[in-house]
Amino acid sequence: MSSSLAIQAQHLGKAFQLYDQPIDRLKQMLMRGRKRYYKEFAALHDVSFELRKGEVLGLVGRNGAGKSTLLQLICGTLTPSGGQVSVHGRVAALLELGAGFNPDFTGQENIYLNASILGLSKAEIDARYDAIVEFSGIADFINQPVKTYSSGMYVRLAFSIATSVDPDILVIDEALSVGDGAFARKSFDRIMRLKEKGATILFCSHSVYQIEALCTRALWLDKGVVQLLGDPATVVAGYQAFLDRDAVSQSTDQETATVVSPTGHARILGVQTQSDATVGKILYLQSLKQTLAVTVGFASDTALPPPVVAVTIHAPDGRTIASSSTQADHLELMRDATGRGTATLEFPKIPLLKGEYYVGAYLLSENGIHVYDAAANVATLHFSQESLEQGVVSLPHQWSSVGGAVSPAERLGQDAR
């Protein structure tokens, strides 16, 4: 394998043996292959690709497409049925929730266990221990057994360990979808820093916006077979077109069915932020002077009611400063025949005071309960101001004044007369 390659997969395949009942496993072992008691399921078939050091590969595909299987083969937690995969460098992975943890161990004990598995010595773990705990944000519970942790606490600790060992290759399989907004922001900031330092990253997500924003290449899997490999924009466009065709096909089939079971879907196609005439992901605005516009493109199932678009503005610590949705403002989104549409939200002379803020976009069901897709931290806003006003936002207000020192009680009495 070339020294510039981090991962090389050649004709990689993985098949699982499916048994109808447990005793069939014993029969298969005793028959030594003379009779077959299982059905073979090919989770991956003839997958080949090369990933250079420092590249970020995003995996897209429907549930059951083989994404997790591919990541486990790369991490070495599964062995291939055919072909081979070569990995060069230290691998840190976030696969299924709690993987690599002993549930009876405390958080502290699992830090030492997990980090040692990833190749760190006790001295190296000692040196990084405080930083791992601080980043995870669960210091108050670090001496409790991890079986008492919530799913979010699991993810916080696992991500903190995996990214603190200076991995050459970081593998993330949808794990960050469990974390809260503030931790997700910290996590993606750290992922970007690892990317800048030259780490190779494999990232699996159902959010095509994240794939385009984070990755340098993308791979689309369907039924274990590579459909497309290339730059993220091209792969995502092909994957989206496939989902659209599939949705149209299912909608057509449902028209002749007596019982309809919708497969409703909607996803964000892109988000653009603009300050007056300036478009960008990092914007500099002056309080009460400029207009902020957020435009969200989306695709949705035409068989279902139009979705809801929501936009949030939040502080670096995750606090939501403001939010707005088409549902709250009683706007029904317009869509074309394919279910695609665009919504734009404007904040005229936006009154946020000096500071740094982040923009998030969400696509929800028509009642605003189910989140179809989310694009967190799509833009960073830097606000400045001319006045000395303090706080987060300049609320609309009006002063009045009269001559003389009049107490509030006297003023009320004068108003009554």
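Residue-by-condition table, conditions (1) open to solvent by 10 Å² or more (accessible area, probe 1.4 Å); (2) among the acidic types (D, E); (3) modelled with pLDDT of 95 or more:
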site: K122; (1), (2), (3): yes, no, no
site: F135; (1), (2), (3): yes, no, no
site: A139; (1), (2), (3): yes, no, no
site: V146; (1), (2), (3): no, no, no
site: S151; (1), (2), (3): yes, no, no
site: R156; (1), (2), (3): yes, no, no
site: A162; (1), (2), (3): no, no, no
site: L170; (1), (2), (3): no, no, no
site: D173; (1), (2), (3): yes, yes, no
Subset of the stretch 11-37 [within 25 Å of P80 (Cβ to Cβ), out of contact with any Phe, Trp or Tyr (no Cβ under 9 Å at 6 or more places or on another chain) and not aliphatic (A, V, I, L, M)]: H11, G13, K14, R32, G33, R36
Number of the condition not met by Q390 [criteria: (1) in contact with a Leu (Cβ under 8 Å, 6 or more places away or on another chain); (2) buried (at least 16 other Cβ atoms within 10 Å of the Cβ); (3) not charged (D, E, K, R)]: (2)
Tally, over the stretch 190-219, of residues that are open to solvent by 20 Å² or more (accessible area, probe 1.4 Å), more than 22 Å from I161 (Cα to Cα) and among the hydrophobic types (A, V, I, L, M, F, W, C): 1
Boolean, Y129 is more than 23 Å from S68 (Cβ to Cβ), open to solvent by 50 Å² or more (accessible area, probe 1.4 Å) and aromatic (F, W, Y): no
Elements of type strands (runs of 3 or more DSSP E) in the stretch 298-379, at least 3 residues being surrounded by fewer than 18 Cβ atoms within 10 Å (Cβ to Cβ): 320-325, 340-347
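I need the full set of residues from the stretch 282-297 which are in a strand (DSSP E or B) and free of Cβ contacts under 8 Å to residues at least 60 places away in the same chain, in order please.
Across the stretch 282-297, the qualifying residues are A293, T295, G297.
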Qualifying residues in the stretch 393-404 (those that are closer than 27 Å to Q286 by Cβ and assigned to a loop (DSSP other than H, G, I, E, B)) - the one most open to solvent (accessible area, probe 1.4 Å): W399
Top-ranked residue of the stretch 63-88 - restricted to ones that are more than 20 Å from K223 (Cα to Cα) and of a type in the set (A, V, I, L, M, F, W, C), ranked as most open to solvent (accessible area, probe 1.4 Å): V87
Hits in the stretch 1-57 - residues which are assigned to a loop (DSSP other than H, G, I, E, B) and either surrounded by 15 or more Cβ atoms within 10 Å (Cβ to Cβ) or basic (K, R) (or both): R32, R34, K35, R36, Y37, K53, G54, E55
Within the stretch 59-99, tally of residues that are part of a strand (DSSP E or B), within 28 Å of G238 (Cα to Cα), aliphatic (A, V, I, L, M) and out of contact with any Asp or Glu (no Cβ under 8 Å at 6 or more places or on another chain): 3
For Q108: the one exception among (1) at pLDDT 85 or above; (2) in contact with a strand residue (DSSP E or B) (Cβ under 7 Å, 6 or more places away or on another chain): (2)
Number of the condition not met by Q21 [criteria: (1) out of contact with any strand residue (DSSP E or B) (no Cβ under 7 Å at 6 or more places or on another chain); (2) closer than 26 Å to Y154 by Cβ]: (2)
Options V60, V91: the member that is open to solvent by 30 Å² or more (accessible area, probe 1.4 Å), aliphatic (A, V, I, L, M) and either farther than 28 Å from S151 by Cβ or modelled with pLDDT of 85 or more (or both): V91
Pair list, Cβ under 6 Å, 6 or more apart: the stretch 1-21 residue in contact (Cβ under 8 Å) with a residue 40 or more places away in the chain, other residue among the hydrophobic types (A, V, I, L, M, F, W, C) and not in a strand (DSSP E or B): Q8/M1
Near pairs, Cβ below 9 angstrom, 6+ apart or cross-chain, from the stretch 113-133 (at positive phi) to any residue that is modelled with pLDDT of 90 or more: none
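The values are calculated or read from the model by the stated rules, or taken from the named source; none is laboratory data. Note that this is a predicted model, so its numbers are computed, not measured. All Cβ positions, even for glycine, are placed from backbone atoms using ideal geometry, and neighbour counts span all protein chains on display. Quick note on the areas: whole protein, heavy atoms, side chains included, nothing else; ligands and nucleic acids left out. Shrake-Rupley method; radii C 1.70, N 1.55, O 1.52, S 1.80 Å.
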